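Reviewing the structure listed below.
The values are calculated or read from the model by the stated rules, or taken from the named source; none is laboratory data. No experiment lies behind these values; they were computed from the predicted model shown. Every residue, glycine among them, receives a Cβ derived from its backbone with ideal geometry; neighbour counts consider all protein chains shown. Side chains are part of the model used for accessible areas, which takes the heavy atoms of the whole protein and leaves out ligands, DNA and RNA. Shrake-Rupley method; radii C 1.70, N 1.55, O 1.52, S 1.80 Å.
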Amino acid sequence: MTVLSQYLATASQITTMDREPAFDEFAAADGSVRQGWSSLLEGLDEFADKELLQAQREVARLLEDDNVTYTPSPASAISIADEPNGHGPAAGALTGLVEPQPWRLDPLPLILDDREWAGLEAGLVQRAELLDAIMADLYGARRLLARHHVPASAIFDHEEYLRPLVGSEAVAQQRLFMIAADLGRDSSGQWKVISDRTQAPSGAGYAMQNRRVVSRVIPEIYHQANLHRLTPFFQAMRLALVDAAPSAVEDPRVVVLSPGTHSETAFDQAFVASLLGFPLLEGSDLTVRDGRVWMRVLGKLEEVDVILRRVDSTWMDALELRPDSRLGVTGLMECVRQGTVSVLNNLGSGVLENPALLPFLPELCERLLGQSLRLPSVETWWCGDPTALSHALENLNSLVIRPISRGQGRSVRGAALSTRQRELLADKVRAAPHRFVAQEVLNLSCAPTSDADRLVRRNVVLRSFAVRGGASYIAMLGGLARVTDDNSESRGVFVTEPDGQLAKDVWVVGSEPVAIPRIVARGRVAEEAGFVPAVSASIAMVPRVLSDLYWFGRYAERAEDLLRLVLATRTAAIETDLETTNGRAVEVLLRAVTHVSTTYPGFLNHGVEMMPEFRSLLLDRHRMGSAAQSLGALSTAAQSVRDQLSEDVWMVLADIERALAALAANPHDQGLQLTDASERVLSGLLALAGIATENMVRDPGWYMLDSGRGLERALQILALLRVTICRERASEADRLVLEAVLIAAESIVTFRRRYGTRPGVDAVLELLVIDPVNPRSVAYQLQRIRTDLRALPNTSPTSRPLRLLDGLAERVRIADPVVLAESADGRRVALEEFLAELQHQLRALSEAIRDQYQQQPPTQRPLFRSDAVGGIA
């Protein structure tokens with residue numbers, strides 16, 4: 001008996017027993033399979049318990065390989081039932097120190113018949129047109145407010161109603177770009193809107209990622225289905241962004257504005273930016289000059305015409321909105337009023353998420369569109385109306401209470417509160433009734449969902465999307481579904497962002513093969529299978545991006561070099577009798593590990609055991625200088641420039657994480673697994689270097705990344721030599737140290753081929769410092785960095801980085817390894833001074849590169865504090 005057969009039997013029993021059973025997306029009331037599922041039943045019915053488990057593991061692996069994450073809101077977000085007057089974090093604000101969580105996806109999709117979907121799609125498009133008309137009036141003529149068709153107090157007291165934009169002709173002419181709607185079915189199967197998302201709708205990127213993963217896990221079923229594709233939606237989205245540019249612009253530059261890598265939906269933002277082919281920027285990458293928005297690019301400014309924002313409106317301009325914001329662009333509001341830039345979704349569009357509008361939408365649809373509302377909302381009562389307030393307070397136990405603005409708290413279900421908490425909630429509502437609505441709790445529909453080796457019933461909410469297309473809107477033929485526990489107290493109170501709940505791909509299937517639509521814009525027809533060519537060839541090489549790529553290269557090289565040294569030291573320790581005089585060589589190498597990594601006190605502490613210290617270097621991310629810390633910083637830098645990197649990068653980083661996780665899971669390892677994990681991580685870092693070499697375009701970002709690798713390699717070589725060869729030791733111990741150094745520097749084969757069995761500090765110096773053709777030498781790195789910097793735009797031959805490089809190269813060129821290798825009283829003083837001077841000059845070079853190419857604007861500071869009393873503080 002297959003898992004679907006078992007589910008069908010269980011669903012039939014539940015339907016018979018429940019008085020008001022939830023609508024089942026798979027099983028009809030008579031025990032048959034619903035339309036849409038039936039055509040795929042044969043393929044899906046092959047799932048046995050083992051296949052289901054394997055599919056779940058494969059989904060998790062693919063998501064891990066692509067580094068698909070979601071950062072949940074901090075636990076400090078305050079519910080409206082708490083005491084007193086707390087404010088949760090605004091969506092789009094940074095989420096503090098909360099760690100990103102793995103995205104969770106069910107391998108079994110939610111399947112809907114395209115005939116049913118047609119009605120849902122028409123309702124969604126109509127809703128987008130209605131919200132667009134409402135916004136145009138609220139920021140334009142405001143007839144709806146003047147004639148009391150919408151409650152003025154619910155609008156004026158909403159945090160997203162931006163008064164500075166009211167009456168602006170440019171704002172009134174800008175159409176609503178994109179909406180999303182969270183939908184749930186009631187017991188009868190009727191779809192109802194739980195909430196509208198118009199601020200900066202998220203989740204479209206997750207929906208496409210879900211589709212990519214599921215199509216790889218169940219490819220036969222995917223190709224068998226007459227499935228509507230998601231690509232046309234993103235084609236339409238791209239063209240709509242270009243069309244939204246100010247009318248006078250012929251070749252518009254479009255950017256995606258993100259709050260940064262700590263945003264809840266950072267992956268979604270970067271994925272969409274990459275998919276559309278537009279640069280992903282942060283507020284500090286943009287500036288306002290002469291009434292226009294500009295992008296900072298390598299010492300110059302390039303005008304920006306369209307901004308697809310993923311930052312809440314109130315954070316977009318510190319000058320006119322929130323003075324404490326660091327996420328937006330100071331002066332942006334004036335540019336919007338002048339019509340020199342289009343910001344999408346429109347600034348102030350978050351007011352349309354106001355749930356107080358829901359009871360009035362049927363009448364507004366008749367007035368503004370001359371149509372009946374096709375897609376109803378959940379039953380909603382605005383508490384600013386006395387009758388509705390009375391109903392809400394009398395039925396508090398069976399309703400959901402929602403604030404009209406996100407900053408006023410979170411939605412809460414009355415049944416989930418204690419008696420005392422309900423009393424506090426009622427007092428809060430009575431104190432400002434116009435700030436709250438009450439909503440019915442939907443008996444949400446259920447869908448078969450994977451749970452280990454079986455399928456279980458789980459409540460499901462669907463997020464659907466619509467984007468501007470010509471005179472109307474184009475809906476995504478699918479969406480993002482989320483499921484939660486059937487017995488959850490939060491049932492019907494789904495959060496409004498795609499959080500850590502289990503996601504589902506949404507398949508809209510037909511009975512006949514589906515033709516891929518042709519998307520047309522400005523007389524140009526998009527290719528059916530791909531996107532139109534990029535409208536602007538400019539690539540966002542802003543200082544922040546260059547800095548992140550530079551440090552990506554440095555951290556990758558730093559981790560690689562430390563791992564090579566650890567492996568070389570571990571090998572030397574295994575092959576050397578530590579009780580003999582040769583054991584001194586191992587002591588030198590262990591101390592070198594600490595000095596080179598700067599993980600003090602480390603092996604400088606007498607009595608420190610080798611294996612625990614090596615494990616710490618590989619696993620402790622909070623230990624400065626450890627390989628784990630470098631790998632964590634590498635991953636963070638990669639997140640910041642995700643749209644600039646190959647997707648293969650994430651596969652490599654995921655394999656590195658798996659290797660470290662396996663080591664961490666075995667605390668009793670005697671060294672074998674540590675060696676294996678080190679080698680796996682090292683192989684991954686070498687793969688990263690290969691990806692950078694083979695897959696990245698030779699643009700300024702690549703040159704900056706490569707220069708970072710070169711500079712870090714030179715610093716690591718110098719640090720290693722300085723702590724290993726500046727003192728004389730017994731000849732055999734010296735030989736072991738020099739051999740380990742050459743192994744760590746990946747130059748042992750070259751050394752043996754060139755110098756034979758002749759050991760000597762002078763030969764090592766010649767190969768690792770002076771040799772201009774050894775890819776591991778300091779001289780080679782200096783030439784490499786020089787080539788990289790000269791390829792960057794606006795690099796003067798007399799710039800400070802190049803002058804420092806010239807001085808360093810000359811210092812290395814004239815160095816005499818024989819003279820440097822001479823010792824007195826067991827010390828090579830000249831060599832130590834030479835290596836120390838090179839290190840000092842390389843650090844100065846790093847600072848010069850930062851000042852020349854990575855200089856970011858100073859942090860903005862408000863002229864006054866909003867909480868100051870008695871004037872400017």
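Only loop residues by DSSP count here, and only those with at most 16 other Cβ atoms within 10 Å; note down the chymotrypsin sites (Phe, Trp or Tyr not before Pro) in the range 436-480 that meet that. Let's see the in-between values first.
On the way: sites: Phe436, Phe465, Tyr473; in loops: none.
When the chymotrypsin sites (Phe, Trp or Tyr not before Pro) of the range 436-480 are filtered for loop state and at most 16 Cβ neighbours within 10 Å, nothing remains.
How large is log10 I(q)/I(0) at q = 0.14, 0.21 Å⁻¹ when the Debye formula is applied to the Cα atoms of the range 705-825, each weighted equally and without solvent?
Treating every Cα as an identical point scatterer, log10 I(q)/I(0) equals -0.62, -1.18.
Heavy atoms of the protein only, probe of 1.4 Å, neighbouring chains included. What is the accessible area of Glu587 in Å², nearest 10?
For Glu587, solvent-accessible area is about 90 Å².
Just to confirm the number: angle between the C-alpha axis of helix 204-217 and the first principal axis of the chain, 0 to 90 degrees, nearest 10?
The two axes meet at around 70 degrees.
Considering only protein heavy atoms, what is the solvent-accessible area of Thr314 at a probe of 1.4 Å, reported in Å² to the nearest 10?
About 20 Å², rounded to the nearest 10.
With no solvent and one equal point scatterer per Cα, compute the Debye intensity ratio I(q)/I(0) for the range 270-411 at 0.09, 0.10, 0.12 Å⁻¹ and report its log10, rounded to two decimals.
-0.44, -0.53, -0.70
What's the percent breakdown of Cα-Cα distances in the range 95-174 across 10 Å bins, shortest bin first?
Taking all Cα pairs of the range 95-174, the binned fractions are 14, 27, 20, 26, 13, 0 percent.
For Tyr206, Tyr600, give the ranking by accessible area with the largest first, probe 1.4 Å. Intermediate values should be presented prior to the final figure.
Details: Tyr206 0, Tyr600 120 Å².
In descending accessible area the options line up as Tyr600, Tyr206.
Taking the Cβ of Phe271 as the centre, find all other residues whose Cβ is under 13 Å away and add up their charges (Lys, Arg: +1; Asp, Glu: -1). Intermediate values should be presented prior to the final figure.
Working: positive: Arg211, Arg212, Arg310, Arg642; negative: Asp66, Asp268, Asp643, Glu647.
For residues surrounding Phe271, the net value is 0.
Relative contact order for the range 347-485 using alpha-carbon pairs under 8 Å, separation at least 6, rounded to a whole percent?
Across the range 347-485, relative contact order equals 19 percent.
Residues with beta-carbon under 14 Å from that of Gln173, excluding Gln173: net charge, scoring Lys, Arg +1 and Asp, Glu -1? Before the final figure, lay out the partial values.
Details: positive: Arg175, Arg337, Arg468; negative: Asp132, Asp137, Glu169, Asp243.
So the environment of Gln173 carries a net charge of -1.
May I ask you to give the solvent-accessible area per residue for the chain, in square angstrom, as obtained with a 1.4 angstrom probe?
Working: 35980 Å² over 873 residues.
Value for the chain: 41 Å² per residue.
Kirkwood Rh over Cα pairs of the range 393-435 into Stokes-Einstein at 25 °C, 0.890 mPa s: D in µm²/s?
Working: Rh = 10.5 Å.
So the translational diffusion coefficient is about 233 µm²/s.
I need the per residue convex hull volume for the range 238-284, using only the alpha carbons, in cubic angstrom as a whole number. Before the final figure, lay out the partial values.
On the way: hull volume 3.9 nm³, N = 47.
Enclosed volume per residue, from the Cα hull, is 82 Å³.
If you take the square roots of the eigenvalues of the alpha-carbon gyration tensor of the range 386-466 and sort them as a ≥ b ≥ c, do you get rounded (a/c under 1.5), prolate (a/b over b/c) or oblate?
Working: a/c = 2.62, a/b = 1.97, b/c = 1.33.
Taking the square roots of the gyration eigenvalues as a ≥ b ≥ c, the range 386-466 is prolate.
State the percentage of accessible surface on the chain attributable to carbon and sulfur atoms; use a 1.4 Å probe and exclude ligands, DNA and RNA. Let's see the in-between values first.
Values: 18000 of 35980 Å².
Carbon and sulfur: 50 percent of the exposed surface of the chain.
Please sort 131-137, 54-60 by packing, taking for each peptide the average over its residues of neighbouring beta carbons within 10 angstrom, highest first.
Values: 131-137: 21.3, 54-60: 16.9.
Top of the packing list down: 131-137, 54-60.
Excluding ligands and nucleic acids, what accessible area in Å² is computed for Lys192 using a 1.4 Å probe, to the nearest 10?
Ignoring ligands and nucleic acids, Lys192 comes out at about 40 Å².
What is the Rg over Rh value, at two decimals, for the chain, using alpha-carbon atoms and the Kirkwood definition of Rh?
So for the chain, dividing Rg by the Kirkwood Rh gives 1.03.
At a threshold of 8 angstrom on Cα-Cα distance, excluding pairs fewer than six apart, so keeping six or more, what relative contact order does the chain reach in percent? Kindly include the intermediate steps, with their values, before the conclusion.
Values: 1558 pairs, mean separation 131.0, N = 873.
Reported relative contact order: 15 percent.
If we sort 154-164, 352-362 on the protection proxy, mean other Cβ atoms within 10 Å, highest first, what's the order?
Working: 154-164: 19.4, 352-362: 22.1.
So the order, starting with the most tightly packed, is 352-362, 154-164.
Could you work out the Kirkwood radius for the range 632-681, taking every pair of different alpha carbons, averaging 1/r and inverting it, reported in Å?
Details: mean 1/r = 0.0833 Å⁻¹.
Final number for the Kirkwood radius of the range 632-681 is 12.0 Å.
I'd like to know which of Gly205, Ile656, Leu705 lies farthest towards the positive end of the charge dipole of the chain, counting +1 on Cβ of Lys and Arg and -1 on Cβ of Asp and Glu.
Leu705
Restricted to Cα positions, what overall size does the range 120-239 have along the principal axes? Three whole-Å values, descending.
58, 38, 24
For the range 163-213, what is the Kirkwood estimate of the hydrodynamic radius, computed as the reciprocal of the mean inverse distance between distinct Cα atoms, to one decimal in Å?
14.1
Strictly greater than 11 Å: what percent of every Cα pair in the range 790-831 meets that? Intermediate results must be reported in sequence, preceding the final value.
On the way: 614 of 861 pairs.
That tail contains 71 percent of the Cα-Cα pairs.
Excluding residues fewer than 8 places away in the same chain, name every one of the aspartates and glutamates whose C-alpha is closer than 17 Å to that of Lys50.
List returned: Glu58, Asp106, Asp451, Asp453.
Using only Cα atoms and rounding to the nearest 10 degrees, what angle (0 to 90) does helix 778-790 make with the longest principal axis of the chain?
Here the helix axis deviates by roughly 40 degrees.
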